[in-house]
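Peer 1: Here it is: the structure, laid out below.
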Amino acid sequence: MNNIKIVGVGSYIPDIIKKNEDFLKSEFFNQDETAFDAPPEVIIKKFKAITGIEERRYVGNELKMSDIATFAAEKAIKDSDIDPETLDYIIVAHNFGDVGHDKQQADTVPSIASRVKEKLQIENPSCVAYDLLFGCPGWIEGCIHSFAFMKAGMAKRCLVIGAETLSRVVDPNDRDSMIYSDGAGATIFENTDSSGGILAHKSATYAKTEANYIYFDKSFSPKRADDRAYIKMYGRKIYNFALSKVPEAMKSCLEESGKSITDLKKIFIHQANEKMDEAIVHRFFKLFDKEMPIDIMPMSINKLGNSSVATIPTLYDMFLKGDFEHKGLRPGDTIMFASVGAGMNINAIVYEI
């Protein structure tokens with residue numbers, strides 16, 4: 001039947017926990033380098049109310065992004081019970097490459113995917129490894145790539161990884177630094193004869209006026225010693241963009257799949273901001289004149305923060321492994337993956353278990 005299905009999942013959640021109270025001694029500045037007119041405890045309380053984040057995870061100093069991508073891949077390979085030599089593609093979605101502890105440069109030569117292939121000790125030269133830069137929606141886009149390869153007869157098995165170490169590229173003097181975290185998630189896709197799999201997908205890039213909503217620039221601190229660049233964003237613009245564009249893309253994807261809004265059991269959305277994610281899904285259901293079911297959207301951002309491309313595959317792995325109260329996906333159930341991020345890019349997949 002040529003159906004493209006996930007046959008293995010794995011994730012790596014770093015051990016180092018950074019709680020909100022760990023930022024109490026931070027000095028936060030605005031984009032114009034003026035200091036916030038509120039003490040850190042007030043800033044952090046408001047931050048928690050908006051984002052839902054209580055803590056986030058960071059990798060140890062000895063690890064790089066390619067390391068944790070490999071850890072997640074190893075778990076997915078074990079979960080799928082396949083021979084890694086049979087993989088046709090290794091696709092690694094990320095944004096900043098290997099940034100070492102206290103380093104100022106991203107390292108992407110060789111590619112992260114080639115490094116993962118080396119660390120996995122895969123000998124087969126026909127296993128093609130490449131990186132994908134698509135902002136936070138990168139893992140979903142990698143899934144769509146693997147789907148296209150397999151539908152075209154170019155592959156039978158693909159490993160898709162989303163990994164990031166955002167703790168290495170955050171400005172400690174920017175309030176938004178509290179959003180970001182590290183992590184890695186991996187999935188094995190296989191061309192199978194069983195029913196279900198990827199039913200539909202949608203992707204879009206809005207760049208005419210939106211390209212620089214997320215960008216790289218110097219620290220907000222007037223005391224900065226150099227012009228080293230850090231991840232930056234225009235939060236309000238992103239919020240408005242996401243609420244305007246993502247629900248429509250989700251609706252279009254669902255309609256193309258042939259499934260009904262009442263068929264959806266779960267929506268695994270990029271863990272960007274708790275209030276924004278809830279608003280997106282509420283608006284999506286409103287497009288069908290429906291109320292959002294209370295348990296439709298598993299969330300991990302409160303404990304894991306925003307690890308960019310890693311949020312959805314880690315969330316999905318945790319859900320399947322029973323880390324949430326509401327669980328129990330069964331064969332035939334319909335779910336959706338959806339994301340928004342730098343570019344500005346959006347995408348969605350409707351998937352039948």
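Taken together, the values in this text are just the output of simple stated rules run on the coordinates, not laboratory data. Every value quoted in this text rests on a predicted model; they were computed, and no experiment measured them. In this analysis, Cβ positions are derived from the backbone assuming ideal geometry, glycine residues included, and neighbour counts consider all displayed protein chains.
Peer 1: How many times 2.2 N^0.38 Å is the alpha carbon radius of gyration of the range 3-193? All intermediate terms of the calculation are to be shown ahead of the outcome.
Peer 2: Numbers: Rg = 18.9 Å, N = 191, 2.2 N^0.38 = 16.2 Å.
Taking the Cα Rg and dividing by 2.2 N^0.38 Å, one obtains 1.16.
Peer 1: Let me ask something else about it. Could you work out which residue, out of GLU41, GLU190, GLU274, moves most in a Gaussian network model of the chain, that is, has the largest mean-square fluctuation with Cα springs under 10 Å?
Peer 2: Per the Cα network of the chain with a 10 Å cutoff, GLU41 tops the list.
Peer 1: Hey, another quick one. Which one of TRP139, ASN3, ILE112 has its Cα pushed farthest toward the positive end of the charge dipole of the range 3-193, where Lys and Arg give +1 and Asp and Glu give -1 at the Cβ?
Peer 2: My answer, from the dipole projection, is ASN3.
Peer 1: Through the Karplus equation 6.51 cos²θ - 1.76 cosθ + 1.60, θ set to phi - 60°, convert the phi angles of the range 130-143 into ³J(HN,Hα) values in whole Hz; use x for Gly and Pro.
Peer 2: Computed from phi, the couplings for the range 130-143 are 8, 9, 10, 10, 9, x, 4, x, x, 5, 4, 5, x, 4 Hz.
Peer 1: With +1 on each Lys and Arg Cβ and -1 on each Asp and Glu Cβ, and nothing else charged, work out how big the dipole of the chain is about its Cα centre, in Debye to the nearest 20. Please list the in-between numbers first.
Peer 2: Numbers: 43 positive and 51 negative charges, 122 e Å.
It works out to roughly 580 debye.
Peer 1: Jot down the per residue volume, in cubic angstrom and as a whole number, of the convex hull over the alpha-carbon atoms of the chain. Intermediate results must be reported in sequence, preceding the final value.
Peer 2: Numbers: hull volume 47.5 nm³, N = 353.
Per-residue hull volume (Cα only) is 134 Å³.
Peer 1: Can you list which of the trypsin sites (Lys or Arg not before Pro) found in the range 1-99 are DSSP loop residues with at most 16 other C-beta atoms within 10 Å?
Peer 2: Values: sites: LYS5, LYS18, LYS19, LYS25, LYS45, LYS46, LYS48, ARG56, ARG57, LYS64, LYS75, LYS78; in loops: LYS25, LYS64.
Taking the range 1-99 and a limit of 16 other Cβ atoms within 10 Å, the loop trypsin sites (Lys or Arg not before Pro) found are LYS25.
Peer 1: Among ASP37, ASP79, which comes first, then next, by fewest other beta-carbon atoms within 10 Å? Present the calculation step by step, with values, prior to reporting the outcome.
Peer 2: Values: ASP37 8, ASP79 19.
Arranged by neighbour count, lowest to highest, ASP37, ASP79 become ASP37, ASP79.
Peer 1: Please report the net charge: other residues with Cβ closer than 13 Å to the Cβ of GLY97, K and R +1, D and E -1. Mind dumping the intermediate values first?
Peer 2: Values: positive: LYS64, LYS103, ARG115, ARG168; negative: ASP67, ASP98, ASP107, ASP131, GLU164.
Here the count lands on -1.
Peer 1: Let me ask another. Where does the charge balance sit around ARG57 when Lys and Arg score +1, Asp and Glu -1, over other residues with C-beta under 15 Å from its C-beta? It would help to have the intermediate numbers written out before the result.
Peer 2: Values: positive: LYS18, LYS19, ARG56, ARG168, LYS303; negative: ASP15, ASP22, GLU54, GLU55, ASP67, GLU164, ASP182, ASP317, ASP323.
With Lys, Arg at +1 and Asp, Glu at -1, the neighbours total -4.
Peer 1: If you don't mind, another one. Using the basic label-point model (7 angstrom from Cα toward the beta carbon), what is the ASP289 to LYS19 distance in nanometres?
Peer 2: 4.9
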